[in-house]
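**Student:** Before I ask anything, here is the structure I am working with.
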Amino acid sequence: MSVSNAPILITGASQRVGLHCAERLLDDGHAVIVTFRSEKPALQRLRERGALTLQADFSDEASILAFIEELKCHTGSLRAIVHNASAWFAEAPGEEAAAFAQLFTVHMLAPYLINLHCAELLQRSEQADIVHISDDVVRKGSGNRPAYCASKAGLDSLTLSFAARFAPAIKVNGIAPALLMFNEDDDAEYRSKALSKSALGFEPGPQVIYQSLRYLLDTPYITGTTLTVNGGRHLK
């Protein structure tokens, strides 16, 4: 990946996959800006390495637009935007509309507004990319989390639309992962069941997303594509 003076923005990068990608980009010599919703210990480690960290919860239009204005106070250009911020929960009975609105705001409205208002920053970079982190679950739907699934499917649609809108100056692609990392409290039964859903049958960790991100950033002739990173779940 060629190193640009323009920073790469990663949303929701205080833990897990987003954090890993931020650290790897720093390893590779890139300037990095990350957003976080709440303070976590790893953020100080990123700051010590030179990353700019900006608080943003993307809870409504006003907070998204406020973040964009703050971002523009810190940089006049961007090499890439990686939309990693995500919310993961099922709709509680009686609160379905609020849940849908929250998921829509984080997964669709925030990327939509950030892409529109930050396109000028990307266009000031010799190379420019937008990468949406979606979810493999949109391939078949989800009976347990229909609002989550629908909002991530909408993000896939934004990939196509912005790829058409911003070409040829900005490439726009997506990554749709399935299971990447277990949580510490996941029991053996859950882990075994989850691993059995993929043809490859192992927990890959966050590195496979960084490898996919690098591929999208490095390859000049791909746009409007979502990479499926699911270990062959579609084969089972």
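The values are calculated or read from the model by the stated rules, or taken from the named source; none is laboratory data. Since this is a predicted model, take the numbers as computed values, not measurements. Positions of Cβ are generated from backbone atoms using ideal geometry, with glycine treated the same way; all protein chains shown enter the neighbour counts.
**Student:** Here are some residues: 205, 231, 141. Which one is touching a helix residue (DSSP H, G or I) at 6+ places or on another chain (Cβ under 6 Å) and not aliphatic (A, V, I, L, M)? Step through it out loud before you land on a result.
**Tutor:** On the way: 205 fails: touching a helix residue (DSSP H, G or I) at 6+ places or on another chain (Cβ under 6 Å); 231 fails: touching a helix residue (DSSP H, G or I) at 6+ places or on another chain (Cβ under 6 Å).
Of 205, 231, 141, the one residue that is touching a helix residue (DSSP H, G or I) at 6+ places or on another chain (Cβ under 6 Å) and not aliphatic (A, V, I, L, M) is 141.
**Student:** Still on this model: Given (1) outside any loop (DSSP other than H, G, I, E, B); (2) surrounded by 19 or more Cβ atoms within 10 Å (Cβ to Cβ); (3) not basic (Lys, Arg), where does residue 117 come up short, assuming only one miss?
**Tutor:** (2)
**Student:** Evaluate the following for residue 13: is it modelled with pLDDT of 95 or more, touching an Asp or Glu at 6+ places or on another chain (Cβ under 6 Å) and not charged (D, E, K, R)? Working first, answer last.
**Tutor:** Numbers: modelled with pLDDT of 95 or more: yes; touching an Asp or Glu at 6+ places or on another chain (Cβ under 6 Å): no; not charged (D, E, K, R): yes.
When the stated conditions are applied, residue 13 does not pass them.
**Student:** Considering only the stretch 141-152, how many residues are charged (D, E, K, R) and at pLDDT below 95?
**Tutor:** 1
Residues checked against (1) of a type in the set (D, E, K, R); (2) touching an Asp or Glu at 6+ places or on another chain (Cβ under 7 Å):
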residue: 96; (1), (2): yes, no
residue: 107; (1), (2): no, no
residue: 110; (1), (2): no, no
residue: 118; (1), (2): no, no
residue: 134; (1), (2): no, yes
residue: 139; (1), (2): yes, no
